[in-house]
1. Specify whether the C-alpha gyration tensor of chain A places it in the rounded, prolate or oblate class, a ≥ b ≥ c being the square roots of the eigenvalues: rounded for a/c under 1.5, otherwise prolate if a/b is larger than b/c and oblate if not.
2. So in the protein assembly as shown, what percent of DSSP beta bridges are antiparallel if you round to the nearest 5?
3. Cα centroids of segment B:65-91 and segment A:204-241: how far apart, whole angstrom?
4. Which of the listed residues, B:52, A:77, B:78, is farthest toward the dipole's positive end in the protein assembly as shown, when Lys, Arg count +1 and Asp, Glu count -1 at the beta-carbon?
5. Suppose every K and R has +1 on its Cβ and every D and E has -1 on its Cβ; what is the size of the dipole of segment A:6-149 about the Cα centre, in Debye to the nearest 20?
6. Within a 10 angstrom radius of the beta carbon, how do B:63, B:43 rank from fewest other beta carbons to most?
7. Based on the Cβ-Cβ distance of residue A:255 and residue A:125, what FRET efficiency does E = 1/(1 + (r/R0)^6) give at R0 = 45 Å, to the nearest 0.05?
8. Would you mind classifying segment A:181-278 by shape? Square roots of the alpha carbon gyration tensor eigenvalues, ordered a ≥ b ≥ c; an a/c under 1.5 is rounded, otherwise it is prolate if a/b is larger than b/c and oblate if not.
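Just so it is clear, none of the values below were taken in a lab; they were calculated from the coordinates. Small disclaimer: the values here were computed from a predicted structure and weren't measured. Every residue, glycine as well, gets a Cβ built from its backbone with ideal geometry; the counts of neighbours run over all protein chains shown.
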Amino acid sequence: MSQIKRAVSLYSLQDKYARGIMTLEDLFSFLVDIGVEGVEFITDQMMQGTPYPSEGSLKNWDRLIEKYNLKPVCNDIFINTKLYKNRVLTTKESVKMLVDEIKLANRLGFDLIRLVSMTPPEIIEPALSTAEKYNVTLALEVHAGMSFSHPMTQAFIDVMKKLDSKYVGLVVDTGIFCRRHPRISKNYFLGLGMNPEVGAYVDNIFDQGLDPLQYFESRTGNAHVFPEDLKKLFRSETDMIYAIFCSGYENSKFEILDDYFPYIKHFHGKFYEMTDDGAEYSIPYDEFIAYLTRKGYDGYVASEYEGQRFVLFDQPIDDLGQVKKHQEMLKRLIQSTSR
Amino acid sequence: MFDNYIFTENTFRNVESDGKLSGFELKTLIPYYRGIPYSMIHDIRVSVDGNPVEREKIRFSADGEDWFTLSEMETVTTYKWEYGTQGTIYVDQPGGLSAGKHEVTLAVVIRVAYIPVPFEGVRTREVIVNLPKQEEITNE
């Protein structure tokens with residue numbers, strides 16, 4: 001059996017929380033009910049006052065962790081570099097924010113922080129001694145649309161390799177392994193009035209084994225410039241927005257990660273739509289788990305549901321059902337995959 | 001994408017102060033998946049029956065206690081609009097909104113650390129104002 005461990009990012013269930021349908025405790029209870037081992041948490045999302053939450057919030061967290069016995073696996077944080085309208089934060093200001101987040105992560109029992117893509121790489125080294133002192137690893141998210149080819153991701157990787165510390169690494173989001181464009185996104189945009197030919201154009205890119213960034217680059221010399229034959233299909237702003245958003249799904253080979261073990265600290269098991277036969281529509285999780293197992297990966301894969309984004313006004317969101325199905329799939333694949 | 005969080009149903013109301021209608025308010029969730037300081041609220045736009053409300057007439061509060069104009073909010077870094085908290089948008093308009101049926105559109109724009117262009121959520125709802133009881137019903 002593979003040694004991979006399972007977690008759920010509460011990002012997946014954000015809609016239930018935002019609308020006051022489920023409290024943080026309800027979410028913890030749900031995770032335990034479906035047999036989850038670890039929890040990933042966006043402090044800015046579900047702990048008020050972050051990075052300076054009240055004593056009451058901290059005690060409530062301690063109580064929930066003890067009562068439900070979930071392991072705090074990864075703390076997702078954001079440096080608000082655009083705090084002010086008229087300027088970007090200085091490095092010193094950003095470092096101070098990161099230091100405060102490290103202390104909070106440690107207080108909450110996390111030993112891993114996920115830094116969002118585009119986090120300025122120059123703040124890592126000044127915060128490293130704090131990360132060591134508090135035993136918290138700083139890992140940049142490698143996310144589709146901003147993954148290995150992105151200059152900011154490469155700049156972070158340069159810093160990571162230079163520092164060569166076990167406290168600096170990567171969190172990889174499996175949205176970089178989309179073999180098909182998510183169907184629910186296409187259907188959502190069709191519902192908003194997208195020209196069906198734009199949807200078909202993007203699907204065709206994936207059918208060729210490519211992704212939009214690669215395809216646009218090959219056609220126009222710039223991954224962010226659309227080919228003329230795509231632009232001719234634009235009838236409304238919705239068509240153009242879809243064309244921009246489709247770059248947020250990449251179609252990379254798993255081997256793109258070969259050079260990055262053991263810098264890889266954690267995975268976001270991104271999913272958009274669990275199908276009735278227990279698979280993810282876009283991402284081949286069977287191949288992914290087999291790949292990680294061959295690599296000897298024994299960390300966590302945290303379910304991160306993104307399907308709640310593609311829901312028209314007032315339509316229901318089956319986030320609980322989708323997370324349960326994703327976890328069942330992971331469990332089945334982990335148990336049936338041998339090294 | 002985040003339009004679903006904008007302009008919570010049944011939250012429009014005319015506001016009375018000192019015995020007179022001073023304006024109207026409506027509530028909304030943040031068009032994002034986490035809380036941010038008020039200074040990252042890039043813009044709030046309200047229009048009634050297609051007519052934009054003047055920017056200077058708009059106030060925002062997430063706690064319902066302390067209110068800020070859009071230009072004041074640019075420096076407000078210690079108040080946070082938390083995820084899952086209904087923020088209130090108040091429009092200073094003596095007499096409130098007149099009786100009858102109106103189309104009210106709310107747009108909330110915020111800055112996000114890792115995306116170059118600000119995020120925007122928009123929603124239009126039909127609002128029915130009944131005077132003099134100032135009761136209202138909102139529909140799709």
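1. Numbers: a/c = 1.43, a/b = 1.26, b/c = 1.13.
Note, shape of chain A comes out rounded.
2. The antiparallel fraction comes to roughly 60 percent.
3. 39 Å
4. Checked the options; the winner is A:77.
5. In debye, rounded to 20, segment A:6-149 gives about 340.
6. Placing the least packed residue first, the sequence is B:63, B:43.
7. It comes out at approximately 0.90.
8. The shape class here is oblate.
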